[in-house]
Amino acid sequence: MQISVLLAGSCPLKNQGIYFNIETANNLTVVETTQELDQLPDLYTLHQPDLLLVILDGWEEQFTSVVQQLPTTNIVVLSSQNRQSCHTLIHNGVINGCLPETASSELLSQAIYAVANGNVWFSQSLFKQILHPVPPSRKAQYSLTTQELTMLRLIMQDKTNQYIGQAMDVGERTVCDRLSTIYEKLGVASRLAAALKAERLGLVDE
């Protein structure tokens, strides 16, 4: 399946390098490249890409307000040093993928394939940077039930709602409702943010 990518970044040289990496990968194509963040809504409407790939650096302050106009979270961000920006975007459910600008073309392709197909991708290096130890005494405040912990474990394994429903013998609507409850208890807005917070807090046993 061919995956179409809309590429955005403020630096022409960086855009060119990422463009080359994408175009040399199998089944990936760049529909357009832009250096103007405020053009994204119009370009997204025009091309209807499978995924938006953004080189974040220089756009941290405006990025969220612009991409929230888009009807998708199939967004992968490339960042150099802005780990806190990535953490905030993930926590708020704005993006579904984040990796360093220096990531190999192979890792970039894997991230694009994963997010375009409704999954999440978070590079191990950024994952380790963002996670910070949390005192065990704080775990109890979230009051997750046994079923919620089971469901949380499954989303940490990147299982679909359909899979979770079958595994727990409930309908997909029930899965969605329970996930919403989990997000509310954890104070997050997305599956990825919930998985990251659960990992950081050590809420789920392996």
Here is a list of conditions, (1) surrounded by fewer than 19 Cβ atoms within 10 Å (Cβ to Cβ); (2) of a type outside the set (S, T, N, Q); (3) touching a residue at least 12 places away in the same chain (Cβ under 8 Å); (4) farther than 30 Å from residue 184 by Cα, and residue 13 meets all of them except one; can you say which number that is?
-> (3)
Of the residues in region 73-122, those that are farther than 20 Å from residue 24 by Cα, among the hydroxyl-bearing types (Ser, Thr, Tyr) and in a helix (DSSP H, G or I) number 2
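Taking residue 192 as the residue in question, decide whether it is touching a strand residue (DSSP E or B) at 6+ places or on another chain (Cβ under 9 Å) and either assigned to a helix (DSSP H, G or I) or modelled with pLDDT under 85 (or both).
Numbers: touching a strand residue (DSSP E or B) at 6+ places or on another chain (Cβ under 9 Å): yes; either assigned to a helix (DSSP H, G or I) or modelled with pLDDT under 85 (or both): yes.
Considered against the rule, which asks whether it is touching a strand residue (DSSP E or B) at 6+ places or on another chain (Cβ under 9 Å) and either assigned to a helix (DSSP H, G or I) or modelled with pLDDT under 85 (or both), residue 192 comes out as yes.
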Hits in region 158-171 - residues which are in a loop (DSSP other than H, G, I, E, B) and farther than 11 Å from residue 191 by Cα = 169, 170, 171
All but one of (1) among the polar types (S, T, N, Q); (2) farther than 20 Å from residue 14 by Cβ; (3) surrounded by fewer than 16 Cβ atoms within 10 Å (Cβ to Cβ) hold for residue 73; which doesn't?
-> (3)
Would you confirm whether any residue within region 20-38 is surrounded by 15 or more Cβ atoms within 10 Å (Cβ to Cβ), free of Cβ contacts under 8 Å to residues at least 24 places away in the same chain and either in the same structural domain as residue 54 (by TED's automatic domain parsing) or touching a strand residue (DSSP E or B) at 6+ places or on another chain (Cβ under 7 Å) (or both)?
-> no
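The values are calculated or read from the model by the stated rules, or taken from the named source; none is laboratory data. All of these numbers come straight from a predicted model, not from anything done at the bench. A quick note on method: Cβ atoms are made from the backbone with ideal geometry, for glycine too, and the neighbour counts reach across all protein chains shown.
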